[in-house]
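Quick notes on the structure that follows.
The numbers here are math on the coordinates, done by the rules we state, and not lab data. It should be emphasised that the depicted structure is a prediction, and the values quoted were computed from it without experimental measurement. Counting neighbours? That spans all protein chains shown, and the Cβs are built from the backbone with ideal geometry, glycine included.
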There are 2 protein chains.
Amino acid sequence: MMKNNLKKIEDLTVTIVGLGVIGGGFAQSLKNIGVKTIYGIDIDEGTLRKAEEKKIITEGFVKTKDPLKKSDLVVVTLYPNIVKSFFVNNIENFKDGAIITDVIGIKGKIIEEIDPFIEKSEKKIDFIFGHPMAGREKRGIDFADSRVFQNANYILIKDKKNKKENLDLLSEIIKKMGFKSVSFLTAKEHDEIIAFTSQLTHAIAVSLVNSDNQKYDTNRFIGDSFRDLTRIAKINEDLWSELFLGNKENLLKMIQQFENELDIIKNALKNDDIGTLKEQFIISTRRREKID
Amino acid sequence: MMKNNLKKIEDLTVTIVGLGVIGGGFAQSLKNIGVKTIYGIDIDEGTLRKAEEKKIITEGFVKTKDPLKKSDLVVVTLYPNIVKSFFVNNIENFKDGAIITDVIGIKGKIIEEIDPFIEKSEKKIDFIFGHPMAGREKRGIDFADSRVFQNANYILIKDKKNKKENLDLLSEIIKKMGFKSVSFLTAKEHDEIIAFTSQLTHAIAVSLVNSDNQKYDTNRFIGDSFRDLTRIAKINEDLWSELFLGNKENLLKMIQQFENELDIIKNALKNDDIGTLKEQFIISTRRREKID
């Protein structure tokens with residue numbers, strides 16, 4: 001796969017933009033697989049110093065121009081609402097031929113916003129949109145840990161504009177980092193399946209916690225099931241309100257599908273229909289056994 | 001607390017009825033805290049031999065009379081639908097003054113069924129109904145492990161018929177086994193809160209998995225959130241259909257409360273109301289931070 005690439009992975013110059021829990025994880029992970037030059041960009045000097053002390057970046061920058069102009073790969077791990085402005089403001093700073101990638105949890109909206117700028121630009125950059133399906137409830141460089149990526153799924157958006165050798169290279173880097181699968185989807189496909197596996201689960205967890213009528217000291221009456229189902233109810237409100245609204249049509253559809261299934265259980269309860277309950281449980285058991 | 005009890009915990013003779021994942025866990029756990037004589041009753045000879053080989057029981061029995069007549073404490077870990085018949089068929093076999101306890105996940109129904117037999121009986125037994133909030137998705141003695149009880153919650157149903165010294169003794173045993181809390185509730189209270197923390201979570205997990213339209217290879221597009229929210233969708237259909245129907249009024253109420261919260265999110269999506277979304281996320285985050 002590497003035969004068309006002049007540089008080996010170790011010799012690539014990489015910049016991580018935003019050294020939070022995901023950006024920091026990327027830096028550590030790239031260092032682990034042997035990348036020699038990893039620059040970090042962050043608005044917070046303290047974060048840059050921490051990343052340097054942890055030796056997960058070669059050097060940290062608040063100003064973007066110097067690291068970007070040298071970088072073969074730029075991983076933008078900023079919040080969705082600032083990715084566009086970062087990209088547009090820096091479009092002249094990227095190195096010719098550079099691969100740019102992001103980590104935003106929905107893809108249609110950001111691609112729609114950024115694509116016109118890529119097309120207008122005379123820079124030969126290759127923006128490969130991506131989504132690592134791994135995260136932490138905690139924020140910031142202190143909680144960054146490459147282990148979160150081990151055996152996780154990764155989705156790349158394959159567009160006809162993207163160069164095959166760049167898709168191959170990024171895919172190879174991702175697998176080396178420890179992700180178990182790299183899937184290529186269109187933005188539309190991505191946003192459909194992610195509304196189900198990610199946004200719906202967060203909507204459910206939030207609603208479950210918030211539906212507690214607080215008549216009892218809940219903490220004394222929970223088991224692992226409640227703990228597991230509500231872990232992600234501790235949620236970054238700025239990020240997730242954007243993700244929800246940016247994928248609202250798909251999410252509303254998935255909530256409807258989910259409620260249809262819940263209706264089956266409700267009706268079975270109302271009708272003392274033990275057969276239907278068992279059937280639902282047998283189906284869910286069989287399906288869950290296939291998930292790992 | 002022990003001053004009114006003639007016997008120390010170690011010197012109690014205990015029988016575990018049903019050596020599945022919970023019964024086996026009890027046996028191991030009681031052995032760990034020093035109980036010298038632990039009998040096991042099971043209809044499956046192979047299970048009894050395994051429990052003997054693991055040295056978590058002193059001796060296994062298919063017939064109930066001999067172990068029960070010697071036992072100061074009997075822990076019945078059978079499925080809900082056979083607890084009543086076990087109890088009624090063996091009521092003359094229990095030792096005078098014995099404490100009997102169960103582990104069924106709903107309490108109103110089983111107490112209603114069993115109470116008349118306790119009242120009719122001339123045996124001086126003390127049935128303390130209970131619910132250890134710990135379990136495993138896997139079944140059987142092979143997966144029994146006392147560690148599942150560590151830091152878990154336990155609920156005991158306190159009735160005016162129960163002797164204070166017996167409630168104290170059972171509570172002390174439970175804490176020694178590693179449970180982090182023992183709460184005393186009425187059966188009505190238990191079934192209300194459990195409909196929320198346990199049955200609702202299972203209804204949600206099952207519905208989530210079953211609402212997958214299977215257009216994609218879901219396994220490649222999930223993160224930990226989906227894994228966590230669906231773990232309990234692998235569910236014992238015989239046990240849980242009984243638990244659901246045995247607590248249907250409370251469960252339907254809790255599903256309604258949950259759907260009301262989901263409606264708030266749905267409406268916020270439809271109205272592009274980012275303020276309400278953030279508010280819901282802030283509430284859920286604050287509540288989830290208090291759960292451990």
Check your understanding: Of all the stretches in chain A, which is the longest one without any exposed loop site, taking GluC sites (Glu not before Pro) in a DSSP loop (any state but H, G, I, E, B) with at most 14 other Cβ atoms within 10 Å?
Key -> A:123-292
**Study point:** Listed residues B:Ala98, B:Ser183, B:Leu73: farthest to the positive end of the dipole of region B:8-185 (Cβ charges)
**Key:** B:Ser183
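Taking each residue of B:273-281 in turn, how many C-beta atoms of other protein chains fall within 10 Å of its C-beta, and what is the average?
Values: counts 2, 6, 1, 1, 9, 7, 3, 11, 13.
Whole-number average of other-chain Cβ neighbours for B:273-281 is 6.
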Check your understanding: Taking amide H positions as placed 1.01 Å from N in the peptide plane, with prolines and chain starts having none, which residues 5 or more places from B:Lys36, or on another chain, fall under 5 Å of its amide H?
Key -> B:Leu12
Exercise for review: Please sort by residue number the trypsin sites (Lys or Arg not before Pro) in region A:94-190 whose DSSP state is loop and whose Cβ has at most 10 other Cβ atoms within 10 Å.
Suggested key: A:Lys160
Revision key, fill the gap. Sorting from shortest, the nanometre distances separating the label point of A:Lys123 (7 Å past Cα along the line to Cβ) from those of the same residue in the other copies are 8.1
Review point. Mind checking the alpha-carbon convex hull of region A:128-258 and giving the volume per residue in Å³?
Key: 143 Å³
Point to revise | region A:22-76: relative contact order as a whole-number percent, Cα under 8 Å and 6+ apart | key: 34 percent
Point to revise | Inter-probe distance in nm under a simple model that places probes 7 Å from Cα toward Cβ, at B:Asn81 and B:Lys63 | key: 2.9 nm
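Under 1.5 on a/c is rounded, so check that first for region B:190-289, then, if it is not, pick prolate when a/b is larger than b/c and oblate when it is not; a ≥ b ≥ c are the square roots of the alpha carbon gyration tensor eigenvalues.
On the way: a/c = 1.95, a/b = 1.20, b/c = 1.62.
The shape class here is oblate.
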Check your understanding: Which of the trypsin sites (Lys or Arg not before Pro) found in region A:230-292 are in a DSSP loop and have at most 14 neighbouring Cβ atoms, other than their own, within 10 Å?
Key -> A:Lys290
Review point. If you plug each phi of region A:248-253 into the Karplus form 6.51 cos²θ - 1.76 cosθ + 1.60 with θ = phi - 60°, what whole-Hz ³J(HN,Hα) values come out, in order, with x for Gly and Pro?
Key: 5, 4, 5, 5, 4, 5
Exercise for review: Within 10 Å of each Cβ in peptide A:136-143, how many partner chain Cβ atoms are there on average? Round it to a whole number, please.
Suggested key: 1
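Assuming a ≥ b ≥ c are the square roots of the Cα gyration tensor eigenvalues, decide whether region A:150-224 counts as rounded (a/c under 1.5), prolate (otherwise, with a/b larger than b/c) or oblate.
On the way: a/c = 6.22, a/b = 2.42, b/c = 2.57.
In terms of gyration-tensor shape, oblate.
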Review point. Closest to the B-onto-A rotation axis, which residue of chain B has its Cβ, and how many Å off the axis is it?
Key: B:Asp228, 2
Check your understanding: Treating the beta-carbon of each Lys and Arg as +1 and of each Asp and Glu as -1, no other charges, what is the dipole magnitude of the protein assembly as shown about its Cα centre, to the nearest 20 debye?
Key -> 1320 debye
**Study point:** Signed unit charges on C-beta, dipole axis of region B:8-185, positive-most listed residue B:Ile118, B:Ile174, B:Ile157
**Key:** B:Ile174
Review point. Could you list, bin by bin from short to long, the percent of Cα-Cα pairs of chain A in 10 Å steps?
Key: 6, 25, 32, 20, 11, 5, 1
Review point. At q = 0.26, 0.27, 0.29 Å⁻¹, what log₁₀ I(q)/I(0) does a Debye calculation on the Cα points of region B:110-158 give, no solvent, two decimals?
Key: -0.96, -1.00, -1.08
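Using a cut-off of 12 Å between beta-carbons, work out the net charge of the residues near B:Leu185 (Lys and Arg +1, Asp and Glu -1, B:Leu185 not included). If you can, show how the numbers build up before the last one.
Details: positive: A:Lys215, A:Arg220, B:Lys107, B:Lys158, B:Lys188; negative: A:Asp217, B:Asp159, B:Glu189, B:Asp191, B:Glu192.
Cβ neighbours under 12 Å give a net charge of 0.
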Practice item. Count the net charge of all other residues whose Cβ sits under 13 Å from the Cβ of B:Arg49, scoring Lys and Arg as +1 and Asp and Glu as -1. Key: -4
Review point. Within region B:147-187, which chymotrypsin sites (Phe, Trp or Tyr not before Pro) sit in a loop by DSSP and count at most 10 neighbouring Cβ atoms inside 10 Å?
Key: none
Review point. Gap in Å between the Cα centre of region A:155-209 and the Cα centre of region B:152-213?
Key: 40 Å
Revision key, fill the gap. Projected onto the charge dipole of region A:190-289 (unit charges on the beta-carbon of Lys, Arg, Asp and Glu, signs +1, +1, -1, -1), the Cα from A:Gly246, A:His202, A:Ile274 with the largest positive-side position is that of A:Ile274
Practice item. Collect residues whose amide H, placed 1.01 Å from N in the peptide plane, falls under 5 Å from the amide H of A:Ser181; neighbours closer than 5 in sequence don't count. Key: A:Tyr154
**Study point:** Nearby lysines by direct alpha-carbon distance to A:Lys50 (threshold 18 angstrom, same-chain neighbours under 8 apart not counted)
**Key:** A:Lys31, A:Lys63, A:Lys138
**Study point:** Value of relative contact order over region A:1-96, rounded to a whole percent, pairs C-alpha under 8 Å and six or more apart
**Key:** 30 percent
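Using only the Cα atoms of region A:1-109, build the gyration tensor, take square roots of its eigenvalues as a ≥ b ≥ c, and label the shape rounded, prolate or oblate: rounded if a/c is under 1.5, else prolate if a/b is larger than b/c, else oblate.
Working: a/c = 1.42, a/b = 1.07, b/c = 1.33.
It is rounded, given that a/c, with a ≥ b ≥ c, falls under 1.5.
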Study note, to complete from the structure: Taking the label point 7 Å from Cα along the Cα-Cβ vector, the copy-to-copy distances for A:Tyr79, listed from shortest in nm with one decimal, are 5.2
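If you count, for every residue in B:174-187, the Cβ atoms of partner chains within 10 Å of its Cβ, what is the mean? Write out the running numbers ahead of the final one.
Details: counts 0, 0, 0, 0, 0, 0, 2, 4, 1, 4, 0, 3, 0, 0.
Averaged over the peptide's residues, the number is 1.
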Practice item. May I ask you to report, in nm to one decimal and beginning with the shortest, the distances from B:Gln214 to the same position in the other copies, taking label points 7 Å along Cα-to-Cβ? Key: 4.3
Review point. Length gain on complete extension for the stretch A:Arg139 to A:Ile274, per 0.36 nm per residue less the alpha carbon to alpha carbon distance?
Key: 44.1 nm
Point to revise | Fraction of antiparallel bridges per DSSP, chain A only, in percent to nearest 5 | key: 15 percent
Review point. Rounded to the nearest 20 Debye, what is the dipole magnitude of region B:8-185 about its Cα centre when Lys and Arg each give +1 and Asp and Glu each give -1 at the C-beta?
Key: 340 debye
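I need to check one value: relative contact order of chain A, counting alpha carbon pairs closer than 8 Å and at least 6 residues apart, in percent.
Result for chain A is 15 percent.
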**Study point:** Distance between region A:58-117 and region B:97-128 - C-alpha centres, whole angstrom
**Key:** 67 Å
